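Working notes, structure below.
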Number of protein chains: 2
Amino acid sequence: MSVPHLVTAQSGPILDLERKILAAQPEIEHWFRNQWQEQTPPFYGSVDLRNAGFKLAPVDMNLFPGGFNNLNRDFHPLAVQAAMSALEDFCPSARRLLLIPENHTRNNFYLQNVAALVRILRQAGVAVRLGTLNPEITEPSALELPDGQKLLLEPLIRQGNRLGVAGFDPCVILLNNDLSGGVPAMLSDLEQTILPPLRAGWSTRRKTGHFAAYDHVAETFAGLVGIDPWVINPYFDHVDGLDFHQRDGEDRLAASVDAMLGRIRRKYAEHGIDHTPFVIVKANAGTYGMGVMSVKSADEVIGLNRKQRNKMSVIKEGLEVHDVIVQEGVPTFEHIDDAVAEPVVYMLDRFVIGGFYRVHTGRGPEENLNAPGMHFVPLAFATPCSTPDCDAAPDSEPNRFYAYGVVARLALLAAAHELVPATQEVALAV
Amino acid sequence: MSVPHLVTAQSGPILDLERKILAAQPEIEHWFRNQWQEQTPPFYGSVDLRNAGFKLAPVDMNLFPGGFNNLNRDFHPLAVQAAMSALEDFCPSARRLLLIPENHTRNNFYLQNVAALVRILRQAGVAVRLGTLNPEITEPSALELPDGQKLLLEPLIRQGNRLGVAGFDPCVILLNNDLSGGVPAMLSDLEQTILPPLRAGWSTRRKTGHFAAYDHVAETFAGLVGIDPWVINPYFDHVDGLDFHQRDGEDRLAASVDAMLGRIRRKYAEHGIDHTPFVIVKANAGTYGMGVMSVKSADEVIGLNRKQRNKMSVIKEGLEVHDVIVQEGVPTFEHIDDAVAEPVVYMLDRFVIGGFYRVHTGRGPEENLNAPGMHFVPLAFATPCSTPDCDAAPDSEPNRFYAYGVVARLALLAAAHELVPATQEVALAV
């Protein structure tokens with residue numbers, strides 16, 4: 001498979017970070033091995049990274065990844081092997097898995113993701129059926145995808161505390177539905193294992209919870225490798241009690257943005273970075289790039305016009321946004337020709353199984369590339385993230401991808417901490 | 001990577017076997033998952049398979065595999081991921097691994113294997129050094145391979161009950177040396193973990209022990225899939241107390257060969273197979289294809305001439321052979337043009353990571369292809385063994401390779417049983 005050459009940051013501190021990551025590779029893997037003895041990774045996840053040249057950091061962690069179809073087909077066996085490992089870890093005695101996808105039945109990109117995921121799981125050795133929460137699907141419905149693949153969506157059937165589809169009583173239920181609309185009664189109090197757990201859904205999960213966990217992980221890791229944790233960690237703040245329509249809390253949001261811009265400016269000065277700071281304001285729950293703003297001044301969040309307020313106030317499933325994360329903006333320096341590119345790394349169990357670039361010609365290096373209706377070009381990574389070449393330059397492709405895999409796994413580790421029920425949370429051990 | 005088309009058996013019962021294996025794929029993977037909850041796989045292993053068209057069976061299981069360099073480079077990341085898993089399972093807290101290779105320093109094929117193995121282990125995240133038992137290596141010696149790779153062989157240093165090389169105190173010791181010559185004092189009573197355990201070496205291990213364990217595994221598996229266990233299992237018998245030079249035990253060997261030919265003949269009749277039975281007589285300990293005979297009649301082991309007796313009586317390191325396995329010969333129906341081909345499947349931990357064909361133009365379908373000084377052409381498998389395609393024909397390439405991977409894992413499971421110390425052996429549970 002041939003992949004266009006990716007232009008990445010050519011110089012500056014990122015090389016230093018990558019050099020340090022490469023030099024510490026056995027220590028890093030040893031550290032991860034020990035972390036995974038203590039922590040249970042999520043079943044799967046994807047991480048949006050931003051590579052600014054001077055900084056390489058996760059900006060989002062998705063526990064219901066929706067782009068398995070975008071991964072390099074050459075690395076499909078890696079996904080199968082990782083899924084075998086995940087099945088052994090989570091449900092060794094499982095024979096039958098029920099996959100619950102998102103409700104959209106007309107988004108072919110998403111359905112291709114479901115088909116790719118089903119293929120991985122079947123090859124890993126479980127019988128898989130698709131059960132849908134979509135109330136419009138009242139009988140088994142075959143969907144044909146543009147590439148000829150077929151999916152059979154079946155209505156869920158609940159009997160007592162067991163969930164299944166007709167003639168199929170699963171041992172385990174895998175969610176590829178982020179529960180933005182809340183946890184349906186159908187899924188409550190089931191005796192079957194649900195992966196990831198219901199608390200991973202956006203009805204309870206908060207981005208600020210993830211990045212609070214990531215703070216600890218990044219700090220420990222930075223100590224291990226000998227770097228400033230800021231180089232792998234974006235600042236964030238939490239503002240809640242907002243009402244964009246009523247303009248309630250605008251002043252508090254502006255104050256948070258202003259403080260954040262000041263913190264970034266000081267870090268830029270400290271590291272000698274010549275760049276204008278910016279801040280991302282995002283709904284604290286939810287995905288799909290809805291409810292996102294990129295601002296360079298606190299003024300920009302004051303007196304939003306109706307259109308801007310509408311955009312910010314509603315995310316998926318019509319939910320109102322009252323709660324945001326104010327996150328340090330990390331510009332992306334990666335581009336292909338004139339298009340901006342953002343890496344997304346995919347993981348199954350504790351293994352990186354590949355990734356792709358979101359490439360967007362219509363957007364700038366400081367914008368959110370995961371936008372509603374965006375027409376991104378998925379560009380699969382040419383090498384997996386697990387094969388660093390210590391003899392090559394730190395910024396050679398396998399090594400850059402190794403660094404991406406390491407930072408993505410840090411976010412995965414943060415998610416593992418985040419998903420531990422509060423009563424069981426243990427201190428992060430080095 | 002392009003791979004020539006392999007001509008395999010086109011029809012007959014093997015299709016039936018492969019069809020049954022494919023149909024039972026989720027059940028098979030579920031069964032393996034449960035087996036690996038009970039049994040610890042060897043750190044690594046390779047299995048020689050024979051595909052006769054009517055039969056697909058392991059004929060040898062190597063616990064010190066020596067052909068990592070022959071695997072398809074495209075699947076290298078699979079090996080790294082499996083090694084990460086192996087390190088987690090066997091020595092999660094290990095940072096430093098000492099690899100002890102065979103003593104040959106001039107066999108470039110073998111040294112390339114060592115280089116490939118070192119690369120896999122390093123990328124999986126351990127520091128690796130090479131310590132040699134070779135008494136001729138008294139100081140660190142750099143060896144340059146034809147492809148430019150370099151290996152540093154270092155003399156072993158023992159301090160108390162710890163083994164290492166200068167300035168390197170390993171947490172774990174990995175043997176790629178089959179200990180044919182016995183367990184050196186240097187390796188006895190070490191406090192470090194040795195992988196695989198010393199009892200896996202040919203100074204104690206016996207092929208008959210392996211195939212006795214395989215009998216149980218094959219029978220259980222055959223029950224699961226609904227096949228005659230013979231289809232995946234070669235008959236074997238054990239003859240010891242031999243002295244080829246003195247011609248002691250010749251008659252007992254001939255009787256065993258004769259009985260074996262009779263059993264094969266009856267099975268061929270039962271399955272309607274039109275083929276002349278043959279039997280392989282092999283040293284019960286050791287590898288490298290030394291001490292091997294292929295015979296079609298008991299007469300052939302009576303009155304061996306001096307050359308034949310010499311060939312049979314001595315294997316690696318000049319050890320005398322007094323103990324043989326008499327194994328049902330499984331012809332290979334696979335060939336590439338006019339050359340005979342035999343699949344070898346490689347595993348790390350419980351994962352199949354690839355394989356290759358031993359291709360030999362100078363030998364027939366009933367001969368041993370792993371012969372001393374043989375010039376085989378390693379032909380890497382074009383697809384991994386983990387991605388069956390249930391929509392394709394049972395004899396399509398990914399499916400044939402899946403069946404190979406399944407049968408190889410059965411041999412791996414037998415090795416796991418074989419390596420359990422006698423006092424801990426537990427009954428094989430379904």
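Laboratory data are not the source of any read-out in this text; all were calculated from the coordinates shown. This one's a predicted model, so the numbers in the text were calculated from it and none came from an experiment. Neighbour counts run over all protein chains shown; Cβ positions are idealised from the backbone, glycine included.
Distance between the 7 Å Cα→Cβ label points at A:Ala212 and B:Arg162: 4.3 nm. Distances between equivalent label points of B:Asp258 across the copies, with each point positioned 7 Å along Cα→Cβ, amount to 10.4 nm, shortest listed first.
Under a 5 Å amide H cut-off, with hydrogens placed 1.01 Å from N, B:Arg95 pairs with B:Cys171 among residues at least 5 apart or on other chains.
Residues A:Val324, A:Val420, A:Val295, arranged from fewest to most other Cβ atoms within 10 angstrom of their Cβ, appear as A:Val420, A:Val295, A:Val324. Ascending distances from the B:Ile302 label point to its copies in the other chains, with the point 7 Å along the Cα-to-beta-carbon line: 10.9 nm.
Give me P(r) over the stretch A:203-266, computed from all C-alpha to C-alpha distances, binned every 5 Å, as integer percentages. Bins of 5 Å from zero give 4, 15, 18, 18, 20, 13, 7, 4, 1, 0 percent of pairs.
The spread of Cα positions in the stretch B:236-328, taken along each principal axis and listed from longest to shortest, comes to 43, 25, 20 Å. Once divided by 2.2 N^0.38 Å, the Cα radius of gyration of the stretch B:240-283 becomes 1.42. Just check the stretch B:152-307 against the gyration tensor rule for me: Cα atoms, a ≥ b ≥ c as the square roots of the eigenvalues, rounded for a/c under 1.5, and otherwise prolate or oblate depending on whether a/b exceeds b/c. Verdict is oblate for the stretch B:152-307.
Order these by the 10 Å Cβ neighbour count, fewest first: B:Leu152, A:Leu195.
Values: B:Leu152 12, A:Leu195 19.
In order of increasing Cβ crowding within 10 Å: B:Leu152, A:Leu195.
The fewest-to-most ranking of B:Thr332, B:Thr208 by surrounding Cβ atoms within 10 Å reads B:Thr208, B:Thr332. The charge dipole of the stretch B:75-200, taken about its Cα centre with unit charges on the Cβ atoms of Lys, Arg (+1), Asp and Glu (-1) only, comes to about 180 debye. Extension gain, B:Thr193-B:Cys171: 0.36 nm per intervening residue step, less the Cα-Cα distance, totals 7.2 nm.
Each copy carries a label point for B:Val420 at 7 Å from Cα toward Cβ; from one copy, the others' points are 3.4 nm away, ordered from shortest.
From the Cα gyration tensor of the stretch B:57-200, with a ≥ b ≥ c the square roots of its eigenvalues, which class applies: rounded if a/c is under 1.5, or else prolate if a/b is larger than b/c, or else oblate?
Rounded is the answer for the stretch B:57-200, as its axis ratio a/c remains below 1.5.
When the pairs A:Lys55/B:Lys150; B:Lys150/B:Lys282; B:Lys282/B:Lys307 are compared against a 27 Å limit on Cα-Cα distance, A:Lys55/B:Lys150; B:Lys150/B:Lys282 fall above it.
The string of couplings for the stretch B:342-349 from the Karplus curve (6.51, -1.76, 1.60, θ = phi - 60°) is 10, x, 10, 10, 9, 9, 10, 6 Hz, one whole number per residue in order, with x for Gly and Pro. Expressed as a fraction of 2.2 N^0.38 Å, the value expected for a compact globular protein of N residues, the C-alpha radius of gyration of the stretch B:53-106 is 1.52. Listed by chain and number, the aspartates and glutamates placed with their C-alpha closer than 19 angstrom to that of B:Lys20 are B:Glu29, B:Glu219, B:Asp228, B:Asp389, B:Asp391, B:Asp395, B:Glu397; residues fewer than eight positions away on the same chain are left out. Taking amide H positions as modeled 1.01 Å from N, with prolines and chain starts lacking one, the residues under 5 Å from A:Asp60 and 5 or more places away or on another chain are A:Asp48. Sequentially through the stretch B:15-25, phi angles give Karplus couplings (6.51, -1.76, 1.60; θ = phi - 60°) of 4, 4, 4, 5, 5, 5, 5, 5, 5, 9, 3 Hz, Gly and Pro residues having no value and appearing as x.
Counting only the Cα atoms, the stretch A:13-68 fills a convex hull of 106 Å³ per residue.
Averaging the sequence gap over all C-alpha pairs within less than 8 Å and six or more residues apart, then dividing by the number of residues, gives the stretch A:98-238 a relative contact order of 19 percent.
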